[in-house]
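Remarks on the structure that follows.
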Amino acid sequence: MTVCYARFETTPATLDVNIGVGVRMPSCHSPSTTSYGLVPHDLGSQNVAKGPSVLSTRDQPRLPMSKNTGLEDFLIFGAPDIQDAEIAEVVDSLESGWLGTGPKVARFERDFAAYKGLSENHVAAVNSCTAALHVSMIAAGIGPGDEVITTPMTFCATVNAIIHAGATPVLADVDPRTMNIDPAEVEARITPRTRAILPVHFAGRPCEMNELLEVADNHGLKVIEDAAHAIESEYHGRKTGTFGDFGCFSFYVTKNVATGEGGMVTARNEQDIHRIKTLALHGMTKDAWHRFSDKGFRHYQVVEAGFKYNMMDLQAAIGIHQLARIEHNWRRRQSIWEAYQKAFADLPVGLPLDPAPMTRHGYHLYTLMIDQAVCSYSRDDVLEAMTKHRIGVGVHYLAIPEHQYYQHRYGWREEDWPNARRIGQQTLTLPLSPKLTDHDVDRVIDAVRSSL
């Protein structure tokens, strides 16, 4: 089957560059033929509802070159795959008049709980993974004077949530190959003030949870999983976010399930979820749906000083259908990942490890390691070259101790975490969205090979 893709908008550009050796620029691209063994990008098999007169970008014919420049459109890093079902659900919310926290948030919570194999009383939707981490800290009883051990190879939100709870972050270096927190390093940093371990399942690769749980059990510590990258990930037959006392997930626009902004908490204890839902809405005992529904007004009490962390139905409307396609999208990202592994095997770069036995990788990020001593180019050289080839890329992440705020506040020196420092200075993240067409994947591959 041959499918044509197009965008109606064009992207202004002033660069005049070669797109890369071997790039194909057909007006229509057949997803059934590619050099790298990709799973076909088949739209017809997806049974999605049609929105009212609005086409998803995937259904629009795709022009391979910008109209005014002769250059291909800039390939946006991490663009979400939004289809007609999401659009129709959002329109339904707009037309219903119920935009805030309501029945669609409740449905999204039930669906997410079912995906994770949990009771719906063990999940709570919030407006970001940052919020999820923060309220989990509070529900865990973590506060001033406490220490929480986490990884230096993460987004700043992980560390900031510890700080906002009043605790002190303590960094344990990562394994240089998996890029996940090293359990031995965690053990070495435990003090009498340590209260919790906060592992991050980096890029979708699950941490060594058996070892981390053993450390936590031996020292009586809470475990709060940052699973922002790892909705689909599993470790030894168990889903991420269900190992610790709390699991925290992200639905940010670039994540595997996207709601624009959004997050979810899973908790072992049902009472913790009850408190988290209260904390997430000003400390009130009833949300708007339970105050203003057709059952009549219900009074509420403020039982503690909470936050404005609730998810809206507008966000959940997107998430419901993103979650329904989660396995389809996971298979597409797996296919792209494997195409990259095959295409870059002969290049002088570091490739991500294949998934470990008895685990399931979430395939959230695909990261190359660019060592200037090996390939003669720095990471930033390659980053700039990819931009000239009109490919959006990312850096995940500059190590936490390299940021000036943490250096000034805690006196951290980046050389004290050498593995995280090296990764942060060499890593380059390629597009891995299920929205990518086979032609987009070929463009990324050709641009990387040309840039090196």
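The values are calculated or read from the model by the stated rules, or taken from the named source; none is laboratory data. A quick note: this is a predicted structure, and the numbers were derived from the prediction, not measured. Glycine gets a Cβ as well: all are built from the backbone with ideal geometry, and neighbour counts include every protein chain shown.
Here are some notes:
- Taken together, the residues in segment 284-337 that are modelled with pLDDT under 90 and β-branched (Val, Ile, Thr) amount to 1.
- Within segment 332-373, the set of residues being outside any helix (DSSP H, G or I) and of a type in the set (A, V, I, L, M, F, W, C) comprises 344, 345, 347, 349, 351, 353, 356, 358, 365, 368, 369, 370.
- Apart from one condition, residue 210 fits all of (1) polar (S, T, N, Q); (2) out of contact with any Ser or Thr (no Cβ under 8 Å at 6 or more places or on another chain); (3) buried (at least 24 other Cβ atoms within 10 Å of the Cβ); the exception is (3).
- Residues that are farther than 30 Å from residue 149 by Cβ, hydroxyl-bearing (Ser, Thr, Tyr) and out of contact with any strand residue (DSSP E or B) (no Cβ under 9 Å at 6 or more places or on another chain), drawn from segment 401-450: 433, 450
- Identity of the residue in segment 323-347, touching a residue at least 40 places away in the same chain (Cβ under 8 Å) and farther than 19 Å from residue 361 by Cβ, that ends up surrounded by the fewest Cβ atoms within 10 Å (Cβ to Cβ): 347
- Qualifying residue in segment 233-244 (condition: in contact with a strand residue (DSSP E or B) (Cβ under 7 Å, 6 or more places away or on another chain) and of a type in the set (Asp, Glu)): yes
- Residue 398 falls short on exactly one of the conditions (1) touching a strand residue (DSSP E or B) at 6+ places or on another chain (Cβ under 6 Å); (2) farther than 30 Å from residue 236 by Cβ; (3) not aromatic (Phe, Trp, Tyr), and that condition is (1).
- Of the residues making up segment 378-395, at least one is in the same structural domain as residue 452 (by TED's automatic domain parsing), more than 25 Å from residue 73 (Cβ to Cβ), of a type outside the set (Asp, Glu) and part of a loop (DSSP other than H, G, I, E, B).
- First in segment 372-396 and among the small types (Gly, Ala, Ser), second anywhere and surrounded by 18 or more Cβ atoms within 10 Å (Cβ to Cβ) and in a helix (DSSP H, G or I), Cβ under 6 Å, 6 or more apart: 385/451
- Qualifying residue in segment 418-439 (condition: assigned to a loop (DSSP other than H, G, I, E, B), of a type in the set (D, E, K, R) and modelled with pLDDT of 95 or more): yes
- Within segment 415-437, no residue that is at positive phi sits with its Cβ atom under 6 Å from a residue that is surrounded by fewer than 21 Cβ atoms within 10 Å (Cβ to Cβ) and at pLDDT below 95 at 6+ positions apart or across chains.
- So residue 214, is it among the charged types (D, E, K, R), more than 16 Å from residue 158 (Cβ to Cβ) and touching a strand residue (DSSP E or B) at 6+ places or on another chain (Cβ under 7 Å): no
- Close contacts from segment 225-242, counting a first residue that is at pLDDT 95 or above and surrounded by fewer than 24 Cβ atoms within 10 Å (Cβ to Cβ) and a second that is acidic (Asp, Glu) and part of a loop (DSSP other than H, G, I, E, B), with Cβ to Cβ under 9 Å and a gap of 6+ residues or different chains, come to 235/208; 239/232.
- Qualifying residue in segment 415-428 (condition: under 24 Å from the mean Cα position of the chain (by Cα) and under 19 Å from residue 343 (Cα atoms)): yes
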